[in-house]
Structure formats: C-alpha cells, structure tokens
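The values are calculated or read from the model by the stated rules, or taken from the named source; none is laboratory data. Treat the numbers as computed from the prediction; the structure is a model and nothing was measured. A quick note on method: Cβ atoms are made from the backbone with ideal geometry, for glycine too, and the neighbour counts reach across all protein chains shown.
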Amino acid sequence: MNTRSTLVDRAHVGARIAALLRQAPIEFARAVYGINDHASGRTDTMAAREVARALRQGVAVTEERAEQRARAYLPTAGQEHCPRCWVVYGHKSPLRFREATEERPETAACHACGAEYATSRG
C-alpha cells in the first residue's frame with residue numbers, strides 16, 4: 001500500500017471540502033439578497049430569480065431557514081452536494097468535478113441550479 005498517495009488524496013479531498021464549506025455563508029448572503037430583492041419588486045437580479053424559482057416550486061424561502069441550512073451544510077467526501085441548492089431549496093444536488101488544467105482550477109458544477117465553484121487554488 002502506498003501511504004503517500006493516500007495522504008495526498010486525503011489532503012486534496014480535505015481542501016475540496018474546505019472550499020465548499022466556505023461557499024455556504026456566501027450562498028446564505030445571496031439568498032438574503034434574493035429575498036429582499038424579491039420582496040421589494042427588483043425581480044431582475046439573479047438572486048431574486050432564484051428565490052422566485054424556489055417559490056414556484058413550492059419551497060418557502062425565509063432568511064431564518066436559509067441561515068439554518070447554511071450553518072448545517074456539511075458535504076462528505078465522495079458525496080459532495082451543491083451549497084446553493086442546499087441553502088435555498090434544502091436539496092442535496094450532487095456536484096460534478098472537472099480536474100484542474102494549466103488555465104483554470106478544479107471546479108465543481110451543479111446540474112440543478114447551474115452554480116460552479118472553484119475547489120482548488122489552481
């Protein structure tokens with residue numbers, strides 16, 4: 001067994017999870033902006049459109065619930081899920097990862113909402 005590669009893989013997975021954990025508070029702030037924009041009639045912002053979409057799907061989006069979900073966001077290795085879908089909708093939509101290249105870092109994309117997150121400092 002090659003323990004060095006196992007440690008490198010664990011470090012990479014840990015960095016990936018840490019990058020996703022940093023996104024949950026950002027998605028909470030985005031949800032709050034969307035709630036406020038939607039309530040004041042500014043429906044042309046991306047955040048307000050996301051809230052309107054959630055409301056059409058029957059998901060009540062409140063600041064308190066979004067905050068609870070943002071605090072409870074905890075992806076696990078191999079089962080990483082979208083921070084935006086979790087905070088706004090309460091759904092665990094799986095993320096698809098694209099490996100880093102010379103031009104761009106590793107990214108995680110959500111098929112449900114279209115969010116994309118950099119998961120490495122490439």
Those residues of region 98-111 which are at pLDDT 95 or above and either in a strand (DSSP E or B) or among the small types (Gly, Ala, Ser) (or both) amount to Thr107, Ala108, Ala109, Cys110
Result of the Cβ filter at 8 Å on region 105-122, keeping first residues that are touching a residue at least 40 places away in the same chain (Cβ under 8 Å) and closer than 24 Å to Arg10 by Cβ and partners that are in a loop (DSSP other than H, G, I, E, B) and of a type in the set (Asp, Glu), at least 6 apart or interchain, is Glu106/Glu99; Ala108/Glu80; Ala118/Glu106; Thr119/Glu106; Ser120/Glu106
Scan region 79-94 for residues that are in contact (Cβ under 8 Å) with a residue 60 or more places away in the chain and more than 23 Å from Ala48 (Cα to Cα) and report the count.
1
Can Ala109 be described as under 11 Å from the mean Cα position of the chain (by Cα) and not β-branched (Val, Ile, Thr)?
yes
With respect to the numbered conditions (1) buried (at least 16 other Cβ atoms within 10 Å of the Cβ); (2) modelled with pLDDT of 95 or more, which one is the sole condition not fulfilled by Ala72?
(1)
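Condition first: of a type in the set (Lys, Arg) and assigned to a helix (DSSP H, G or I). Can you find one or more residues in region 38-49 that meet it?
Yes.
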Name every residue in region 66-85 that is over 18 Å from Ala109 (Cβ atoms), out of contact with any helix residue (DSSP H, G or I) (no Cβ under 7 Å at 6 or more places or on another chain) and assigned to a helix (DSSP H, G or I), in order of residue number.
Gln68, Arg71, Ala72
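Report whether or not Val61 is assigned to a loop (DSSP other than H, G, I, E, B) and surrounded by 20 or more Cβ atoms within 10 Å (Cβ to Cβ).
yes
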Restricting the first residue to region 24-48 and requiring it to be under 13 Å from Arg84 (Cα atoms), which pairs with a second residue that is surrounded by fewer than 18 Cβ atoms within 10 Å (Cβ to Cβ) and among the hydroxyl-bearing types (Ser, Thr, Tyr) meet a Cβ separation below 9 Å and a spacing of at least six or different chains?
Gly34/Thr45; Ala47/Tyr33
